[in-house]
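*Asks:* Attaching a single structure in structure tokens format; questions to follow.
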Ligand SMILES: NC(=O)c1ccc[n+]([C@@H]2O[C@H](COP(=O)([O-])OP(=O)(O)OC[C@H]3O[C@@H](n4cnc5c(N)ncnc54)[C@H](OP(=O)(O)O)[C@@H]3O)[C@@H](O)[C@H]2O)c1
């Protein structure tokens, strides 16, 4: 067991999401954000001041050489995750990296290989995985509340069109699938507990060449079928329906609960339309805080104490995303090994 208290975190890049992350993590007694690196020192200094971080490095490499940093949070564009996670692991830093962990399954495997080789922890940042709402959902599934799983429908989308944003840039790993779709793919992999045997997808493409809307069918060896969708062209929505042969569960698999009430799960036990609907309230709170606290536990107490996405789930999520993109381009089923 590594005894680090509090865990001293450095952030690579003055990213938008790092602002929300820093705000969420601030109340934690277990983690402290001690340094930030930016390619632009002036921007870095202003950002560090805004989020209350004293030390600013003028390059990501300089932060990785900072001996007073134990772990890094990586909110860089998707296409840069692999390089900087591997360099962080080589520098002996534990890593919490934004989703999707990488833009290919091969990169994702190489990142976990590097973490293993350098004996550091690597975790993919999915705040919803640390939320009580998701932990409760997993408990209900494990207890067999809705019987044998038959169907999952999961969708996440929002309206987004800024051409300057990294999400529309193919060279930086843009696209609705890698952005919002990584959530639904990770969710379906978590619930199914296995990789699909094959996938079929269809997409609408943005002018830049990235996918703007994606839908996919996933077939599993267990007989489970999943339909997933993600989009930059819809009003905000985020929901998942899981149906078994004895009931159904509905969740919003939230990162952070919205204002105005606790996150809920809707459970129907029974097979008839008249089966009673139970609305289960769960605790809310910042998903970034919950995720960071879980990451601290992973580093301090080891993988047995980690409830987030496992290395195998992260690799499988990347395999699913890759297969879906391939299928949408080829217009045919893609079999998964
Ligand atoms: N978990 C979630 O809910 C969630 C939400 C939003 C985003 N994300 C993930 O977080 C990551 C960042 O998203 P974001 O919206 O925060 O991105 P962003 O605001 O565009 O920030 C990305 C940062 O990366 C750095 N960077 C390095 N090379 C770059 C390049 N060639 N082009 C642009 N930026 C470059 C920049 O920092 P410097 O200039 O300071 O070096 C930039 O500020 C993505 O992986 C995304 O999927 C996760």
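*Asks:* Report the gain in length on full extension from residue 65 to residue 336: 0.36 nm times residue separation, minus Cα-Cα distance, nm rounded to one decimal. Write down the numbers at each step before the final one.
*Replies:* Values: separation 271, 0.36 × 271 = 97.56 nm, distance 3.96 nm.
In short, 93.6 nm is gained.
*Asks:* I would also like to ask the following. Per residue, how big is the convex hull of the chain when only Cα atoms are used? Give it in Å³. Let's see the in-between values first.
*Replies:* On the way: hull volume 45.6 nm³, N = 337.
Measuring per residue, one finds 135 Å³ for the Cα hull of the chain.
*Asks:* Could you give the nm distance between label points at residue 42 and residue 197, where each point is 7 Å from its Cα heading toward the beta carbon?
*Replies:* Distance between label points: 6.0 nm.
*Asks:* Applying a 10 Å radius around every beta-carbon, put 327-335, 196-204 in order of their mean neighbour count, most first. Walk me through the numbers on the way to the answer.
*Replies:* Details: 327-335: 14.8, 196-204: 19.9.
Descending packing order for the listed peptides: 196-204, 327-335.
*Asks:* By how many degrees, between 0 and 90 and to the nearest 10, does the Cα long axis of helix 16-25 differ from the longest principal axis of the chain?
*Replies:* 90
*Asks:* With just the Cα atoms of the stretch 137-221, tell me how far they stretch along each of the three principal axes, in Å, largest first.
*Replies:* 46, 24, 18
*Asks:* Something else: If neighbour count is taken as other Cβ atoms inside 10 Å, put 12, 63, 267 in order from fewest to most.
*Replies:* Numbers: 12 31, 63 25, 267 21.
With the fewest neighbours first, 12, 63, 267 line up as 267, 63, 12.
*Asks:* Oh, and also: Over all directions, average the projected area of the Cα convex hull of the stretch 7-125 and note it in nm². Could you put the intermediate results ahead of the total?
*Replies:* Numbers: hull surface 25.5 nm².
Its average projected convex-hull area is 6.4 nm².
*Asks:* Oh, and also: May I ask you to list the residues of the stretch 303-317 whose amide nitrogen lies under 18 Å from a point 7 Å from Cα along the Cα→beta-carbon direction of residue 17?
*Replies:* 308-311, 313-317
*Asks:* Work out how much length residue 235 to residue 148 would gain on full extension: take 0.36 nm times their residue separation and subtract the Cα-Cα distance, in nm to one decimal.
*Replies:* On the way: separation 87, 0.36 × 87 = 31.32 nm, distance 3.25 nm.
Roughly 28.1 nm would be gained on extension.
*Asks:* OK, next. Can you give me the distance in nm between label points at residue 50 and residue 245, each placed 7 Å from the Cα along the Cα-to-Cβ direction?
*Replies:* Between residue 50 and residue 245, the simple spin-label model gives 5.4 nm.
*Asks:* Of the residues 24, 147, 181, which exhibits the maximal mean-square fluctuation in a Gaussian network model of the chain defined by a 10 Å Cα contact cut-off?
*Replies:* 147
*Asks:* Taking Cα atoms, how many degrees apart are the long axis of helix 81-90 and the longest axis of the chain, rounded to 10 and kept between 0 and 90?
*Replies:* Tilt relative to the chain: about 50 degrees.
*Asks:* Let me ask another. Most exposed first by the Cβ proxy, i.e. fewest other Cβ within 10 Å, how do 279, 310 rank?
*Replies:* Numbers: 279 9, 310 16.
Going from least to most buried by this count: 279, 310.
*Asks:* Nearest 10 degrees, 0 to 90: what angle lies between the long axis of helix 287-301 and the longest principal axis of the chain (Cα atoms)?
*Replies:* Approximately 70 degrees, to the nearest 10.
Read the figures in this text as sums done on the coordinates, not as results from a lab. A quick note: this is a predicted structure, and the numbers were derived from the prediction, not measured. For neighbour counting, all protein chains shown are included, and Cβ atoms are generated from backbone atoms with ideal geometry for every residue, glycine included.
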